[in-house]
1. Which length gain, in nm to one decimal place, applies between Lys123 and Lys152 when the Cα-Cα distance is subtracted from 0.36 nm times their residue separation?
2. Using 1/(1 + (r/R0)^6) with R0 = 35 angstrom and r between the beta carbons of Glu265 and Thr142, what's the FRET efficiency to the nearest 0.05?
3. Are any of the pairs Lys152/Lys258; Lys107/Lys152; Lys66/Lys137 more than 26 Å apart by Cα-Cα distance, and if so, which?
4. For the pair Lys250/Phe25, report the inter-label distance in nm, with labels modelled 7 Å from Cα in the Cβ direction.
5. Figure the gain on full extension for Thr36 and Gln52 (residue separation times 0.36 nm, minus the Cα-Cα span) and round it to one decimal in nm.
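Since every read-out is calculated from the coordinates, none of them should be taken as a lab result. All figures in this text were calculated on a predicted structure; none of them were measured in a lab. In this analysis, Cβ positions are derived from the backbone assuming ideal geometry, glycine residues included, and neighbour counts consider all displayed protein chains.
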Amino acid sequence: MKSISTKLCLLFMFVMTSMANAQEFQGKAIYESKTTIDMSNFGGGRQFTEEQKKMMAERMKQMFEKTFILVFNKTESIYKEEEKLETPGAGGPMRMMGNFTAGPQYKNVKDAQLLQEQEFFGKQFLIKDELPKLEWKMESETKQIGQYTCFKATAVKKVDDMDFRSMRPRPPKDRSESQDKEKAKDSTSKNIMDEVEVPKEIIITAWYTPQIPVNQGPGEYWGLPGLILEVNADRTTILCSKIVLNPDEKETIKIPSKGKEVTREEYNDIMKKKIEEMREMYGGRRHGEGRRF
């Protein structure tokens with residue numbers, strides 16, 4: 001009888017230890033993100049000097065080549081850009097683009113919650129939305145990423161109309177005749193957003209590993225039976241370069257809370273209005289009609 005009690009006690013301790021370990025499980029993944037931007041038609045066909053091209057290319061590199069850190073457990077994750085010292089960028093509209101500073105992004109896959117702090121022209125916002133769910137199609141193709149065997153999955157994703165990673169110059173033939181006439185009448189009155197287009201949908205290709213059985217991934221990507229190590233989305237590639245499981249010093253996954261709470265749609269409207277204000281300001285300066293911002 002004593003032997004049975006001892007065995008039950010040991011079994012109970014084993015189960016409790018396993019549960020504790022599962023709850024305390026944490027991982028950390030480093031991702032390199034790169035977006036290819038076609039600058040050939042930006043600026044309405046204007047010719048740029050070699051120095052201007054160099055400045056724009058450097059600014060684009062700062063904007064779209066970044067390192068991110070994902071800290072995750074079984075249900076939560078925080079995804080944030082690695083802190084780096086800024087180098088001086090170009091002025092004017094290119095400088096304006098640098099004011100879209102994305103803060104920590106929090107995902108809770110259990111509660112389908114997405115929170116992100118976002119600084120925009122010195123103002124702090126807290127974007128709060130339901131975690132978007134993609135309908136993943138499992139593929140049979142596999143490949144090796146580091147020491148992990150990864151499986152392919154694809155999905156169709158609707159693109160946010162303010163997603164700068166997918167913006168591209170609008171081909172001249174797609175610009176309406178009325179827009180061209182308006183531009184000829186007053187080049188400063190044209191909405192800058194008329195110069196670009198964003199696809200309605202894009203194909204997402206993800207590579208995930210069941211060897212790390214968590215429902216997590218970089219950015220807004222999640223929903224696969226394993227950690228997502230690579231994402232190819234339109235012109236953006238996000239690739240995991242390092243993974244640390246159960247680090248000795250665990251990090252706190254802190255829920256973002258700073259800023260005015262808005263939905264993604266509300267935040268996009270704020271961005272559009274401010275971009276138009278900036279366009280008017282820069283246009284006005286060229287005509288001696290500048291106003292204070």
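1. Details: separation 29, 0.36 × 29 = 10.44 nm, distance 3.96 nm.
Full extension of this stretch gives 6.5 nm more.
2. Numbers: r = 38 Å, r/R0 = 1.08.
It comes out at approximately 0.40.
3. On the way: Lys152/Lys258 36 Å; Lys107/Lys152 22 Å; Lys66/Lys137 28 Å.
Over 26 Å Cα-Cα: Lys152/Lys258; Lys66/Lys137.
4. 1.2
5. Details: separation 16, 0.36 × 16 = 5.76 nm, distance 1.83 nm.
Roughly 3.9 nm would be gained on extension.
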